[in-house]
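Q: Got a structure here, written out as C-alpha cells. Questions coming.
The values are calculated or read from the model by the stated rules, or taken from the named source; none is laboratory data. Everything numeric in this text was worked out from a predicted model, so none of it was measured. Ideal geometry is used to build each Cβ from the backbone, glycine not excepted, and the neighbour counts take in all protein chains shown. Ligands, DNA and RNA are stripped out before the accessible areas are found, and what is left, the full protein with its side chains, is counted by its heavy atoms. Shrake-Rupley method; radii C 1.70, N 1.55, O 1.52, S 1.80 Å.
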Amino acid sequence: MIRVPIDAARALSNPPREAKLTWRPDDVLLYHLALGAGAPPTDPAELAYATETGLRVLPSFAVVAPSLRTTAIPGLDWPGLDIELSRLLHGSQRIDVQGPLPVAAEAVAATRIAALHDKGKAAVIVLETVVRTTDGAPLWTETQRLFARGEGGFGGERGATTDAAVPDRAPDSVRSVATLPQQALWYRLLGDRNPLHSDPAAAAAAGFPRPILHGLCTYGIVLKTAVTGGLGGDVDRIRGYDAIFTGVVFPGETLTVSTWHTGASVIVTATVDDRDGAAALTAELTTEAS
C-alpha cells in the first residue's frame, strides 16, 4: 500500500475533538517553576509566580493546560494525517486570551485542524484549540503551526507568511535570562514527553548534537522575561502572544530578550548568547491599554 502522509480533504473534514480540562494552583506553580521562575527566591515579583500568595498566571500556561499529567509521546493522530513525529517541527504558536487566566478552573477544549498549507518541501498543519469554561464562557484560543518536513507536494494552498516586523531602532528593553541544563527534564513533566528533549540518541537521530529545549518552554521563558522588561510585570494586560520559532535553544544556554513598544503591541526577539546571537524566537504581544 502506498503511504499517503496527507489527505487534505479527509483531514480537514475531521470534526473538532473535545476534552475536559482541570487545573489547580499547583499546576500553575509547576509550569512557572519549569520556566525558571522563583530566582531569586527573595524577589516579591518572582514569588508571585512561585507561591500561592498573590499568584498570577502567565498567559502562556494556556499551551500546557490541555496536556497536564499526560505521559504519552505526542503525535498527530488524525484521520488524513500519517506523519512521523521525527518530521514535525513547531513553527509558530499563538494564544489569544479574553482576560487574566484563573488559577484554578474546569473547562472544555475543542481542537480542530484549521488549515493545511503546502510549502513545497514541507507541509504546515494549523491546529486551533478553543477553550471555554464548563458554562460556556470563553477563556482562550490557541493556534499552533506545525511544519512537517518533506511532506509537501500534496496540492494544497501555500498560505501566507507572516512575521513580526522588528523596528529599525534600539530596543526599549534588553534583558538576559539563563536557561538551566536540566530545564527540558523539568518541562517535560507538564506533558510533552517527546524524546527529542531528553534522549541524546533521539536528538542525534534528528540531527542535533544533544537534546533541545521544548519550543514552548522557550516561548514561556521569553514571555515572562518580556512581561518583566516591557510591561512592568503586569501579566493581566496581555491579550495575545504570537511567536515564530526561528531557531533552537539548548538547555543551559543564555538568551537575550529585547522588546520594542509599538502602540498597543510589544515586539519581542530572543537570541542565543552562546552561539553569537543566533535567532531563537520573534514575537508580538498585544495588550490591553494600561
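Q: Could you tell me which residue of the stretch 111-153 is farthest from PRO15 (Cα to Cα), considering only residues that are acidic (Asp, Glu) and in a strand (DSSP E or B)?
A: Among those that are acidic (Asp, Glu) and in a strand (DSSP E or B), it is ASP118.
Q: Shifting gears a bit: In the stretch 261-275, how many residues are without any contact (Cβ under 8 Å) to a residue 12 or more places away in the chain and crowded, with 19+ Cβ neighbours inside 10 Å?
A: The qualifying residues number 0.
Q: Which of the residues that make up the stretch 156-186 are of a type in the set (A, V, I, L, M, F, W, C), surrounded by 10 or more Cβ atoms within 10 Å (Cβ to Cβ) and more than 17 Å from the chain's Cα centre (by Cα)?
A: Within the stretch 156-186, ALA165, VAL166, VAL174, VAL177, ALA178, LEU180 qualify.
Q: Against the condition in contact with a Pro (Cβ under 8 Å, 6 or more places away or on another chain) and of a type in the set (A, V, I, L, M), how does VAL131 come out, does it pass?
A: Here the answer is yes, as VAL131 does meet what is asked.
Q: Among the residues of the stretch 92-116, write down those that are more than 18 Å from ILE238 (Cβ to Cβ) and buried (at least 20 other Cβ atoms within 10 Å of the Cβ).
A: Result: ALA107, ALA109, ILE113, LEU116.
Q: Mind listing just one residue for me: the one in the stretch 216-230 that is at pLDDT 95 or above and open to solvent by 20 Å² or more (accessible area, probe 1.4 Å) and, of those, farthest from ARG175 (Cα to Cα)?
A: Among residues in the stretch 216-230 that are at pLDDT 95 or above and open to solvent by 20 Å² or more (accessible area, probe 1.4 Å), the one farthest from ARG175 (Cα to Cα) is LEU216.
Q: Here's a follow-up. Residue by residue through the stretch 49-66, note down the ones that are over 17 Å from the mean Cα position of the chain (by Cα) and either in contact (Cβ under 8 Å) with a residue 12 or more places away in the chain or within 16 Å of ILE221 (Cβ to Cβ) (or both).
A: Those that are over 17 Å from the mean Cα position of the chain (by Cα) and either in contact (Cβ under 8 Å) with a residue 12 or more places away in the chain or within 16 Å of ILE221 (Cβ to Cβ) (or both): TYR49, ALA50, THR51, GLU52, LEU55, ARG56.
Q: Would you pick out the residues in the stretch 1-59 that are charged (D, E, K, R) and open to solvent by 80 Å² or more (accessible area, probe 1.4 Å)?
A: The answer is ARG3, ARG10, ARG17, GLU18, LYS20, ARG24, ASP26, GLU52.
Q: Can you say whether PRO209 is in contact with a helix residue (DSSP H, G or I) (Cβ under 9 Å, 6 or more places away or on another chain), over 23 Å from LEU68 (Cα atoms), modelled with pLDDT of 95 or more and open to solvent by 10 Å² or more (accessible area, probe 1.4 Å), as far as the supplied structure shows?
A: So PRO209 fits the description; yes.
Q: Against the conditions (1) surrounded by 12 or more Cβ atoms within 10 Å (Cβ to Cβ); (2) closer than 24 Å to PHE61 by Cα; (3) under 20 Å from the mean Cα position of the chain (by Cα), where does ARG149 fall short? Just the number, please.
A: (2)
Q: I need every pair where a residue in the stretch 234-260 that is within 20 Å of ASP172 (Cα to Cα) and crowded, with 18+ Cβ neighbours inside 10 Å has its Cβ under 7 Å from the Cβ of a residue that is at pLDDT 95 or above and of a type in the set (Phe, Trp, Tyr), sequence separation at least 6 or different chains.
A: Sorted first by the residue in the stretch 234-260, then by its partner, the pairs are ALA243/TYR219.
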